[in-house]
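Quick notes on the structure that follows.
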Amino acid sequence: GIILGLNGGAEFGGLPRKEGQFWPHLLVEQQFPRDFKLADSATLPFTLDFRIDLCKNATESRLDPALHSAQVTAYWTLHNRNTSSPDFGEMIWFGVPLFDARHEVPPGHQDLDTAVENGKFICTVEGSRFFEGPTGDGQWHKIACDLVPLVKEALAATQAKGFMTKTRFEELYATSFNLGWEVPGPYDCEITLKNLSLDRTAP
């Protein structure tokens, strides 16, 4: 497996993150050498085993959930690659959440990425679709899901918010993948990952 550990206490100098202050990311990621059209696959089974080995506030300070967290999400970038579409080149960050320090089960999220200039729409699925109990309990947890219906739901949610309204599912291509920590808070944290798979050969 792969272990990803991040010392958020040191990253923020032993203090809570301030409003507007950027935060560290520790990710494994892959830029697909050739984009693949989601509609070409009847199913896209995604599987992953993970264990949160550590996640603790590294300061004596009281943290603000609106500013401070440590979270792990599996993300794909989904681009409209139809050159004839008004939405050509636009994209969605589509995510499957694993862990969020603020919640026993990570919630879904649908909104623009406001942390960067010209941020794109982020759409993550509710963790309750995959987990019945806490994911940060130091035990092994497994995700096993078909991404095709989830991406269709994500596109509908994106369009309901007024983004990529001219895009059809058949025009979406997966272009990259990343997985790991985003830590907008002074958390020391560690995760173990294994058995990561996206089966594009499924019938």
inquiry  = What distance in nm lies between label points placed 7 Å from Cα along the C-beta direction at ASP137 and LEU112?
reply    = 4.0
note = Checking the stretch 150-184 for trypsin sites (Lys or Arg not before Pro) in a loop per DSSP with at most 14 other beta-carbon atoms within 10 Å yields LYS161, LYS166, ARG168
query = Classify the stretch 41-105: rounded, prolate or oblate, from the alpha-carbon gyration tensor (a ≥ b ≥ c, eigenvalue square roots; a/c under 1.5 rounded; otherwise prolate if a/b is larger than b/c)?
reply = oblate
ask   = Put TYR173, TYR187 in order of accessible area, largest first, 1.4 Å probe: what do you get?
value = TYR173, TYR187
inquiry  = As an exercise, identify the GluC sites (Glu not before Pro) in the stretch 132-178 lying in DSSP coil whose Cβ has no more than 14 other Cβ atoms within 10 Å.
reply    = GLU132
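With 26 Å as the limit, write out which pairs from LYS142/LYS166; LYS37/LYS161; LYS120/LYS142; LYS37/LYS120; LYS18/LYS120; LYS37/LYS166 have Cα-Cα distances beyond it, or answer none.
Numbers: LYS142/LYS166 35 Å; LYS37/LYS161 24 Å; LYS120/LYS142 28 Å; LYS37/LYS120 20 Å; LYS18/LYS120 23 Å; LYS37/LYS166 17 Å.
Those over the limit are LYS142/LYS166; LYS120/LYS142.
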remark   = Note to self: C-alpha centroids of the stretch 96-146 and the stretch 42-62 sit apart, in Å, by 9
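Could you tell me which of rounded, prolate or oblate describes the stretch 1-160, using a ≥ b ≥ c as the square roots of the eigenvalues of the alpha-carbon gyration tensor, with rounded for a/c under 1.5 and, failing that, prolate when a/b is larger than b/c and oblate otherwise? Kindly include the intermediate steps, with their values, before the conclusion.
Values: a/c = 2.03, a/b = 1.47, b/c = 1.38.
Since a/c reaches 1.5 and a/b is larger than b/c, the shape of the stretch 1-160 is classed as prolate.
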ask   = With every protein chain left in place, what is the accessible area of LEU63 in Å² (1.4 Å probe, nearest 10)?
value = 40
Charge dipole (debye, nearest 20) of the chain; +1 at Cβ of Lys and Arg, -1 at Cβ of Asp and Glu = 300
query = In terms of Cα to Cα distance under 16 Å, which aspartates and glutamates are near enough to LYS56, apart from those fewer than 8 places away along the same chain?
reply = GLU11, ASP64, ASP100, GLU104, ASP137, GLU182, ASP188, GLU190
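Which percent of the Cα-Cα distances in the stretch 53-146 go past 19 Å? Show your work: numbers first, answer last.
Details: 2257 of 4371 pairs.
Tail fraction, whole percent: 52.
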query = What are the ³J(HN,Hα) values, in whole Hz, obtained from phi via the Karplus relation 6.51 cos²θ - 1.76 cosθ + 1.60 with θ = phi - 60°, for each residue of the stretch 42-57 in sequence order, with x given for Gly and Pro?
reply = 5, 9, 9, x, 10, 9, 6, 9, 8, 9, 7, 8, 7, 7, 9, 5
request  = Give the angle, between 0 and 90 degrees and rounded to the nearest 10, that separates the Cα long axis of helix 147-160 from the longest principal axis of the Cα atoms of the chain.
outcome  = 90
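The values are calculated or read from the model by the stated rules, or taken from the named source; none is laboratory data. Values in this document were obtained by computation on a predicted structure and should not be read as measured data. Cβ atoms come from the backbone with ideal geometry, glycine included; neighbour counts cover every protein chain shown. Keep in mind that these areas ignore ligands, DNA and RNA; they rest on the heavy atoms of the full protein, side chains included. Shrake-Rupley method; radii C 1.70, N 1.55, O 1.52, S 1.80 Å.
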